[in-house]
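A.B. asks: The structure under discussion is supplied below as structure tokens; questions concerning it will follow.
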Amino acid sequence: MNLTKERLKSDFKKKLMNLYAESIPDSSKLHQYLALGALVKEYASEKWMDTNIQYNKRHVKQVYYFSMEFLIGRLLGSNLLNLGITSLCKDALKDLGIDLHEIEEVENDAGLGNGGLGRLAACFLDSMASIGIPGHGCGIRYDYGLFEQRIVDGYQVEIPDNWLKNGNVWEVKKEDKAIVVKFGGKVIPTFENNRLSFNYQDYEAVLAIPYDTPIIGYKNNTVNTLRLWSAETIDKDFDLESFSRGDYTKAVEHKYSVQSISQVLYPDDTRVDGKILRLKQQYFFVSAGIQSIIRRYKKGNLPMSRFDEFIAIHINDTHPSIAVAELMRLLLDEEGMSWDEAWKITTNTIAYTNHTIMNEALEKWPIEMFKKLLPRTFMIIEEIDKRFCNEVNEKYNDLQKVHDMAIISNGNIKMAYLAIVGSHSVNGVARLHTEILKNRELSNFYDFYPDKFNNKTNGITHRRWLIKSNPKLSNLITETIGNDWIHNPNKLIDILPYSKNPVFQKKIYDIKQNNKMDFAKHVKDHYGIVIDPNSIFDVQVKRLHAYKRQVLNIFGILDLYYRLKDNPNLEITPRTYFFGAKAAPGYYLAKQTIKLINTVAAKINNDSSINNKIKILFLENYSVSLAEKIIPCADVSEQISTTTKEASGTGNMKFMMNGAITIATLDGANVEMKDAVGNDNIVIFGMEKDEVMSLEKNKTYHSSDYYNSDSRLKRIIDNLVNGSLNVPPSEFADIHKYLIANNDEYFVLKDFDSYVQAQNRIDKLYKDRATWMQMSISNIAHSGIFSSDNTIEQYSKDIWKTKKVDINI
Ligand SMILES: *Cc1c(COP(=O)(O)O)cnc(C)c1O
């Protein structure tokens, strides 16, 4: 396609006319966005078609990334970028009197995920397409994404995220590719043609409709597919049987109960909700996804016995782990394979990523619930478990061990165990996390299957998180070292020799200041709040969770505040602390923490006696598009989880790539960031893993010791509940109780002193601009290894065995 500015202008005007019969002056920004989106999709569709044709014709191995969540954000900007037409489009629209940036802001985020896990899936899709790997996403097309957060009187209020209300320009509905998914009923084993077969009776059949979204690779003609499934009733509008009985209401109820399967994303991050609807969602998209993969595979006229040579299925956490049983079911019952052959193909096809070691996040389903909803799948899991337990017993001759490792035990099905047994690869998401899996959480399984375990440290796409979100920085890098780094992000290291160059330092500094001023303007325009771009921008944005320790950050701020009250002459660089965090709607302590942040903000922001040296801003509705705005203007990145609790983190990498200095515990991928950038270019504090594990194991931590012996902590904690924060003393009684009476599960008090010292180091470092800028540049230079392009190269080579494909146009 030879797109020119003039052609784009005329295409755009035509599109606006064809869709809405409008000229530019009569059209709204919404219509302009929808017309531009439709046009961009058209520009990608030939490549999309060709990519599919060439994958099929060349019989290349394809990988399907199964995930309950894809936290995509907006697509217009990244699609323009990957098609290589951002400036062309910007200039064309400018000629027409339209600001591209304003049009981009009209797009609703596709917020089909909670946080890091869902965003990882989105980064992986971008990387697979951009490095030419035949890899697709499979998930659920939720009618409502993660709730929209409003702050009312300091409290979080959740609003449904009706992201599809203006339609979705990127998706294509493929009603002709619908799949039937069956729930409930009875399984009738019958002996036919010399083998046992399983017929289903009285089941409920649900139609899964795929909606495909193109995933455009970076300037390489590759367009992969994200296929999201939506649930509909088979008889479209009415259950005819009920209808003919005159039971109109029941028929309509049934329709809504089916549609509810793909209606809403569960808003819990890291804690599982054992609701039957969630199990239905999992089986729904896994069954539809695998059935459609098999259907396409068979069109290629290859035998099912070679399925695993051409298909890899990756499961993102245990949510899709039912894939193990579903693939078995289809190979046994539909394809007529023997157990052994089906098992070999299944385990060779499936690979599993573990995302957390936190107990409350380990998925398990009660047998009774599972059996009722998925009777045949349950039978298969029982058989897998039986055979696995036999193997374990043969190897160890130890019944306790068999019990500990059984997939089904104590009335539950343990989905992580099913995923491990039924796949050929189990990976953690950062070096430390994988070590903990191998040596502690899953040590039994590591001993049994040493070769399955491996590490794949998470990554982020540098296209969205640097090129798109920080164009000024990206342009300076290209001016300085050329553009090789765009295709090979490891080449970012080439800016390292400039880290001590005063001219380059000044340029980097100016870009950060510019980004900060832009954001300050955004905050002023949208919230009417004035912030000082000359203050240090200190940012903690991520889901709200006790282990992420937003409370430690607030305690650090309160300590500084009281020091300023005691000594108004204290010399510090003014700081603006930004928080952004959604709490799961049912997570009481997390919601109280939001109220605490806003309460402290109100108190400090309105205290003129400290001369504006501290400001606190809670950014409402943290999301991908907000992340893209705030991260490029951060000076300090807060990555302060209790060591061993954050499996990897990916926010940490986004900040590093944008030149922020990280204040961090040696947790998750922070460890690898420190190794890359060196001790002098990151500010580390807090307990290390051995100390945390030993305190946990020996139960030797007593938070009250710290409360009693540290007068700073005593003051902060007493003030939570004595009315001095201008709220009733009862408001934060539960946070108080959590920290003192319940012994502070995540060691906030223990790490407090070390954190305060680390923050003092930050203040001192920032005063020395040359040192600070040298640190900042070193971080950018070393961030390339955290591009998800590298992560995906490793998945492809070590796990999927997929080859890159050049798409010829
Ligand atoms: C990157 C990202 C996350 C993950 O952040 P962590 O700091 O790694 O927890 C969560 N939400 C959004 C919107 C993100 O972009």
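A.B. asks: Residues to consider are S730, S709, S787; find the one that is among the hydroxyl-bearing types (S, T, Y) and touching a His at 6+ places or on another chain (Cβ under 9 Å).
C.D. replies: S787
A.B. asks: How many residues are acidic (D, E) and either under 20 Å from G668 (Cα atoms) or within 16 Å of the ligand (Cβ to nearest atom) (or both) when one looks only at segment 429-483?
C.D. replies: So the count comes out to 2.
A.B. asks: Now, a different point. Checking the conditions here, which among A583, A590, A546 is more than 25 Å from K468 (Cα to Cα), touching a strand residue (DSSP E or B) at 6+ places or on another chain (Cβ under 8 Å), within 16 Å of the ligand (Cβ to nearest atom) and modelled with pLDDT of 95 or more?
C.D. replies: A583
Quick grid of which residues meet (1) at positive phi; (2) more than 25 Å from the chain's Cα centre (by Cα); (3) within 16 Å of the ligand (Cβ to nearest atom):
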{"site": "G659", "(1), (2), (3)": "yes, no, no"}
{"site": "D667", "(1), (2), (3)": "no, no, yes"}
{"site": "V671", "(1), (2), (3)": "no, no, yes"}
{"site": "D680", "(1), (2), (3)": "no, yes, no"}
{"site": "M687", "(1), (2), (3)": "no, yes, no"}
{"site": "T700", "(1), (2), (3)": "no, yes, no"}
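A.B. asks: Since G274 meets every condition but one in (1) of a type outside the set (V, I, T); (2) surrounded by 17 or more Cβ atoms within 10 Å (Cβ to Cβ); (3) at pLDDT below 95, which condition does it not meet?
C.D. replies: (2)
A.B. asks: Return yes when F555 is of a type outside the set (G, A, S), buried (at least 20 other Cβ atoms within 10 Å of the Cβ) and not in a helix (DSSP H, G or I) and no when it is not.
C.D. replies: no
A.B. asks: With the structure loaded, tell me whether R195 is modelled with pLDDT under 90, over 30 Å from I131 (Cα atoms) and touching a helix residue (DSSP H, G or I) at 6+ places or on another chain (Cβ under 7 Å) or whether it fails that test.
C.D. replies: no
A.B. asks: Filtering segment 550-561 down to residues that are of a type outside the set (D, E) and in contact with a helix residue (DSSP H, G or I) (Cβ under 6 Å, 6 or more places away or on another chain), which residue is farthest from the ligand (Cβ to nearest atom)?
C.D. replies: Looking at residues that are of a type outside the set (D, E) and in contact with a helix residue (DSSP H, G or I) (Cβ under 6 Å, 6 or more places away or on another chain), I get Y561.
A.B. asks: Return yes when I188 is in contact with a strand residue (DSSP E or B) (Cβ under 7 Å, 6 or more places away or on another chain) and at pLDDT below 95 and no when it is not.
C.D. replies: yes
A.B. asks: Return the only residue of D538, D525, D566 being more than 25 Å from I610 (Cβ to Cβ) and either surrounded by fewer than 20 Cβ atoms within 10 Å (Cβ to Cβ) or within 16 Å of the ligand (Cβ to nearest atom) (or both).
C.D. replies: Result of the check over D538, D525, D566: D525.
A.B. asks: Here is a further query. Give all pairs with beta carbons closer than 7 Å in which a residue from segment 636-647 that is under 19 Å from M693 (Cα atoms) and near the ligand (Cβ under 9 Å from one of its atoms) meets a residue that is charged (D, E, K, R) and assigned to a loop (DSSP other than H, G, I, E, B); count only pairs at least 6 apart in sequence or on separate chains.
C.D. replies: Qualifying pairs under 7 Å: S641/R549; S641/D667; E646/D667.
A.B. asks: Here's a follow-up. Looking at D308, D269, which is the one that is of a type in the set (D, E, K, R) and under 26 Å from Y449 (Cα atoms)?
C.D. replies: D308
The values are calculated or read from the model by the stated rules, or taken from the named source; none is laboratory data. Remember, it's a predicted structure, so these values are computed and weren't measured experimentally. Backbone-built Cβ (ideal geometry, glycine too); neighbour counts: all protein chains shown.
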